[in-house]
Every structure is written in C-alpha cells, then in structure tokens.
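For reference, the structure is listed below as structure tokens.
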Amino acid sequence: QVQLVESGGGLVQAGGSRRLSCAASGNTYVMAWFRQPPGKAREFVAAQMRNSDLSYAGYLEGRFTISRDNAKNTVSLQMNSLKPEDTAVYFCAARVLFSARFNDPDVYDYWGQGTQVTVSS
C-alpha cells in the first residue's frame, strides 16, 4: 500500500504561480497529477515516469511543469501564469507498474486526498 500526501494548494491571483507537492510512502513507476474543476469530471494534467519520460495535457500551453525526485519518492507540479479556469481540486496519483494509458485515471493504483487550488480573477 502506498500513501500519497499532497500539499501546496491555496488561493492565488490570476497570472500568479503555485507549486504543488506530493510525497509517496513507497516506490512507484508513474506519478501524475489530475484535477477536477467544479462540476466537471477529473482530467489529466501531467505524468512523469520513473525513467523521467513525461507527458502533459495539451490545454496547458506550457504553463505547468512536472518534476519528480525518485530518491525521495516525491513529485511536484509548478504552475505558472494561472488562470481562473485552472481552479480545481488537484490530485496526485501513482501507479506501481508502467502503463501507456497514463492519462487515464482508471489505471492508477493510488490517489492522494486532493488539494484545492483557487485562482481569482
């Protein structure tokens, strides 16, 4: 069993930045961030494999950066140029083994509790 603990959420003004962090209690191969905007379904944000391969959702337009520290079992999400539409609960997710469907929330083994990010206009 791997536990994921997120931190870093909060209120930020449009155009600002925020950094989310997630600490895993064990080794994982894929670590990812998803988000769930108010009234909408959970959506993929970014994922990074243990071998450093990474992927981003197309709508991000280069504003977010995912990074992980394998030695510490942590993953971070640096969010820049935030927009009100980025308001969501952000979830950290992890999968023990590789999956090519890293943008599919159903393949993940473990989830964090979520952290709220609110972007004011």
Practice problem: Search the stretch 1-29 for residues that are of a type in the set (V, I, T) and pair each with any residue that is open to solvent by 20 Å² or more (accessible area, probe 1.4 Å) and assigned to a strand (DSSP E or B) when their beta-carbon atoms are under 6 Å apart and the residues are at least 6 apart or on different chains. | Solution: V2/Y110; V5/A23; V12/R18
Practice problem: Could you check how many residues of the stretch 12-59 are open to solvent by 60 Å² or more (accessible area, probe 1.4 Å), touching a strand residue (DSSP E or B) at 6+ places or on another chain (Cβ under 9 Å) and of a type in the set (A, V, I, L, M, F, W, C)? | Solution: 1
Quiz prompt | Considering residues of the stretch 23-80 that are of a type in the set (S, T, N, Q) and at positive phi only, the residue modelled with the highest pLDDT | solution = N73
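Out of the residues in the stretch 92-101 meeting the condition of being open to solvent by less than 20 Å² (accessible area, probe 1.4 Å) and in contact with a helix residue (DSSP H, G or I) (Cβ under 9 Å, 6 or more places away or on another chain), tell me which one is modelled with the lowest pLDDT. Spell out how you get there, then give the answer.
Applying the first criterion (open to solvent by less than 20 Å² (accessible area, probe 1.4 Å)) to the stretch 92-101 yields 92-94, 99.
Then keep just the ones that are in contact with a helix residue (DSSP H, G or I) (Cβ under 9 Å, 6 or more places away or on another chain); that gives 93, 99.
Details: A93: 98, S99: 89.
Once the filter is applied, the top-ranked residue is S99.
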Exercise. Collect the residues in the stretch 103-121 that are open to solvent by 50 Å² or more (accessible area, probe 1.4 Å) and either in a loop (DSSP other than H, G, I, E, B) or aliphatic (A, V, I, L, M) (or both), keeping them in residue-number order.
Key: N103, D109, Q113, S121
Quiz item: Among the residues of the stretch 69-88 satisfying the criterion of being surrounded by fewer than 21 Cβ atoms within 10 Å (Cβ to Cβ) and either among the charged types (D, E, K, R) or in contact with a Pro (Cβ under 8 Å, 6 or more places away or on another chain) (or both), which is nearest to D53 (Cα to Cα)?
Solution: D69
Quiz item: Which members of the stretch 1-19 meet the condition of being farther than 19 Å from W33 by Cβ and outside any strand (DSSP E or B)?
Solution: Q1, A14, G15
Quiz prompt | Wholly enclosed strands (runs of 3 or more DSSP E) of the stretch 23-89 bearing at least 2 residues within 18 Å of G9 (Cα to Cα) and in contact with a Lys or Arg (Cβ under 7 Å, 6 or more places away or on another chain) | solution = 30-36, 43-49, 74-79
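The values are calculated or read from the model by the stated rules, or taken from the named source; none is laboratory data. Note that the structure is a prediction, hence the values are computed from the model and not measured. Positions of Cβ are generated from backbone atoms using ideal geometry, with glycine treated the same way; all protein chains shown enter the neighbour counts. Note: accessible area is taken over every heavy atom of the protein model, side chains too, but ligands, DNA and RNA are not part of it. Shrake-Rupley method; radii C 1.70, N 1.55, O 1.52, S 1.80 Å.
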